[in-house]
Structure formats: structure tokens, C-alpha cells
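Engineer: Have a look at this one before I ask anything.
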Amino acid sequence: MMNRRTLIKAMAAAGVATPLLSSMTGCATSRTQANPAVAGKPRVVVIGGGFGGATAAKYLKRFDNNIDVTLVEKKESYWTCPGSNWYLAGLVDSKKIIQNYDSLKNKHGVRVIHDTVTGITAGNKEVQLANGDVLGYDKLIVSPGIDFKYEEIEGYSAEVAKKLPHGYKAGVQTELLYKQMREMKQGGTFVIAPPGNPYRCPPGPYERISMVAEYFKKNNPTAKIICLDQKNKFSKQGLFKEGWKALYGDMIEVVIGVDGGKVTKVDADTMTVYSDYGTIKADVINVIPNQKAGKLAFSAGLTDKSGWCPVNQETFESKIHPAVYVIGDASIAGKMPKSGHSASSQARMCAAGIVASIHNTAMPRPKNANTCYSLVGENYGISVAAVYEMQDGNIGKVAGAGGVSPTGATAAYRKTEANYARGWYTSIAADIWQS
């Protein structure tokens, strides 16, 4: 894996730590721009302050502090999706998984603007903000995250999600699901409907099942969890099922797609879920719709027919708009899963590529990584890890690098992995938002 120190060394070897070229001083200016060009300072605007955007902003400044970096994120604090399932189980306080941008501003010199992007004019290299300001850029990084295909489930919508939460954008939705779990009657039924591929965090819905069961085991032991899954298999399936059997007995029932698991309709008024498997009356309904790139990606014309953003997978530059880079969940990134760790890894390589482009030097050889820990119980962790490199123009897995937790492991092994999971979160959050 290419860690921070290795990447910096690689960039130094490629010559990207040298002073900026004088040819970069001729940036276009506009009297309406809130960040007018300064001689010798290329401007990079980063949209989105999650795992991808915040990492990109920080590492651009670390690789070359002479770059003028502006991060646009509408929220003043960021509630991470990783860790949000742990919060549902009552294993962490919400303060543990809410990050802010103080370090980026005060330690790294990133200009942080809390506002909504209303438009991107790629031809003029401008970003429009809701407050009326216009940001000019030489390079633009967009990390817009995901949006939902609500329309694919009859009876479901963004409005209905206020009663039947998806909880897949952490924050208000997470708090709503947290509250509903605790108000559910004893012996009640919790129905979860995971999305179809591709979607953010492949093991996420199944860690959620685990954490809901963790809470119910302690507080509502006769409750039932029914997973209606449109897919026929899912990430770490054998490991999750092994853990569920060991920890929760028959509390969890999984119905896969071939057995009628695809949810076709929900009725929020009667709390009813419809599928080919049958009609189920539930006390809590957690529908996670199929997904697509975030709304901004569509309005900026960065998506293709797949609903995601095609990019040069070496640099993450958009295949549609030059000088615009798309990282994180919204991008089409070969074999890399859509995850927080993937987004952060992509952000580092994207930042390295931009700095190399600014200096007209060779791009460091791309090397990305993903590590995904999941808690099945408070002291029961499982994981998957992989390393990625370019293979025939696309990101592919490096054979023999990484791996998956073994089945049949001891309780001590699972507890160690649970501790690693917490350590992973603490480490990556500190690196992105705190250090």
C-alpha cells in the first residue's frame, strides 16, 4: 500500500516538490470571482468535504503549499457514514463520528467556504455559489457522493424517507433510525431492504443488520429482523452469516433476490412492505434505495448513461470535462468499491496527479488501496482489504495483496479485528480532519 510517507517520497522523486513554473502565472481573472488569481498561485477548488474532498484539499496543500486551495462544503460539520451503524447500536456517541474543518483551515491553509454550489461552468472554469459568489479555478475536484433512485420503489420518495429512513447519508436520517429502533415495541419487526449494485459501502447494509441485532439482543431480545435483499449474494456474506448465527441465533432472516427479496412497494401509512416473498407488516422499515452519483454530478454534466461519472482512472480527470476531476463514490473507478477508504485513497492520487500536472512532471505511478472493517458485534469484527493498480487502462486488483478475514476464527481473533475496526476509524478520521 502507498501510505502518506511513501506517496510524498514518490512525488519528491517525480520532481513535484519543486517551485512552481512561471508559466502558471497567467490565470484568467474575473471581477465577479471571490478568489481572483494571484501571480504564481494556481487555484484548485474542491467541492465536497467528505472522505474524498477533505483528503484532496489537505494533500494538495501538503504536496505544494503554494497552491491556492478552496474547499466548498455546505455543512459546517460532517457526520461520517463509517461509524454510523455503531452509533445505531449505541456503541459510540455521535460526537465520535462528527468531524469539522478547523484543522484544514488553521493548520493547512485551506480556504473553507460553507455554502451550496448552484452550478459549474466548465468552459469558463467557474463555480457558482448560492450566495452569488463565483469561484474561478485552474483545476476542479468534485466529490459529490451519492443520490437515490427513489422512483424505483413504489410509494417511496425523499419525503417518505422522513418516516421510513434510509439512513445512508449520515446525520438526520441516522438520528431518525436511532430513535425508531428505541421506540419499537417489544417483539416487533424491523425490515431492511438493501440496494442493488453498485452502491456506497457494499458491506454497509449488513453491518447495519448486525448493529441493529446488537442493540435488540440487549434491549429487545424477541425482536425480528427481516432483510429483503434484491441481490443473490452480498459482500462478506459467509462471514456475516457465521457471525449472525453465533451471536444472534434466529433473530435475523435474509431473503435474497431469487427467493423474492426485491422490494417493489412500501406503504408508509400502514407500515407495509411488498415483495414477491410476501407482504410484511413492520414496526420499523429501513429502505435503502438503489443509487446514482450525487445531484451536482448530473447538473454539471459529469455523468454518463450509467448514472455515474466516467474518469481517466489514472488521474480521475473527467472524460467529459477537462480540468475537472471526480473522486469518491460518484466516480467509475474500476474494481475499487465505493467506500470512504477508497475515496480517501483516490483523493491522494488525484492530488498527486494535479500537482504533477501543474509542474509538468511525471505522474507518480498510481497505487490505491481499500480497507473495510465491519462490526458484527461489539467484540466481533471482520474485514476485507485490497491494493489496486492500473491494468490495461483501468483500476484492477493487485493479485495476492490484501485479503478477507478467515471463517472459523476464534473469539479472540474476532475481538482483535473489532479493535482494529475502531483503530482504523480513529486513524483515518485523524489523518483527514484532525491532524
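The values are calculated or read from the model by the stated rules, or taken from the named source; none is laboratory data. Values in this document were obtained by computation on a predicted structure and should not be read as measured data. Here the Cβ is made from the backbone with ideal geometry for all residues, glycine too, and neighbour counts use every protein chain on show. These area figures cover heavy atoms from the full protein model, side chains too; ligands, DNA and RNA do not enter into them. Shrake-Rupley method; radii C 1.70, N 1.55, O 1.52, S 1.80 Å.
Engineer: Where q = 0.06, 0.08, 0.14 Å⁻¹, what log10 of I(q)/I(0) comes from the Debye formula for the chain, counting one point per Cα?
Structural biologist: -0.26, -0.46, -1.29
Engineer: What is the mean projected area of the alpha carbon convex hull for segment 118-171, to one decimal in square nanometres? Numbers along the way, then the final one.
Structural biologist: Values: hull surface 22.9 nm².
Mean projected area of the Cα convex hull: 5.7 nm².
Engineer: Let me ask you something else. Any chance you could look up the accessible area of residue 182 with a 1.4 Å probe, heavy atoms only, rounded to 10 Å²?
Structural biologist: Answer for residue 182: close to 70 Å² accessible.
Engineer: Then there's this: Of 43, 422, 200, which has the most accessible area with a 1.4 Å probe, and how do the rest follow in descending order?
Structural biologist: Working: 43 10, 422 75, 200 40 Å².
Per-residue accessible area, sorted high to low, gives 422, 200, 43.
Engineer: Would you mind putting 339-352, 291-304, 121-134 in packing order, based on average other-beta-carbon counts within 10 Å, highest first?
Structural biologist: On the way: 339-352: 27.3, 291-304: 20.4, 121-134: 15.3.
In descending order of packing, they fall as 339-352, 291-304, 121-134.
Engineer: So how tilted is helix 204-219 from the main axis of the chain? Cα-based, degrees 0 to 90, rounded to 10.
Structural biologist: The angle comes out at about 50 degrees.
Engineer: Would you mind classifying segment 177-296 by shape? Square roots of the alpha carbon gyration tensor eigenvalues, ordered a ≥ b ≥ c; an a/c under 1.5 is rounded, otherwise it is prolate if a/b is larger than b/c and oblate if not.
Structural biologist: Values: a/c = 1.43, a/b = 1.17, b/c = 1.23.
Cα axes put segment 177-296 in the rounded bin.
Engineer: Let me know the shape class of segment 252-333, please: from the alpha-carbon gyration tensor, a ≥ b ≥ c as square roots of the eigenvalues, rounded when a/c is under 1.5, otherwise prolate if a/b is greater than b/c, or oblate.
Structural biologist: Values: a/c = 3.76, a/b = 2.73, b/c = 1.38.
Cα axes put segment 252-333 in the prolate bin.
Engineer: Can I ask one more? Please arrange 271, 211 by accessible surface area, largest first, computed with a 1.4 Å probe and ligands excluded. Spell out each step's value before the answer.
Structural biologist: Working: 271 35, 211 0 Å².
Ranked list, largest accessible area first: 271, 211.
Engineer: Now for a different question. Need one number: % antiparallel among DSSP beta bridges in the chain, to the nearest 5. Let's see the in-between values first.
Structural biologist: Numbers: 40 of 71 bridges.
The antiparallel fraction comes to roughly 55 percent.
Engineer: Report the one residue of 351, 308, 291 whose Cα lies farthest in the direction of the positive end of the charge dipole of segment 289-353 (charges on C-beta: Lys and Arg +1, Asp and Glu -1; origin at the Cα centre).
Structural biologist: 291
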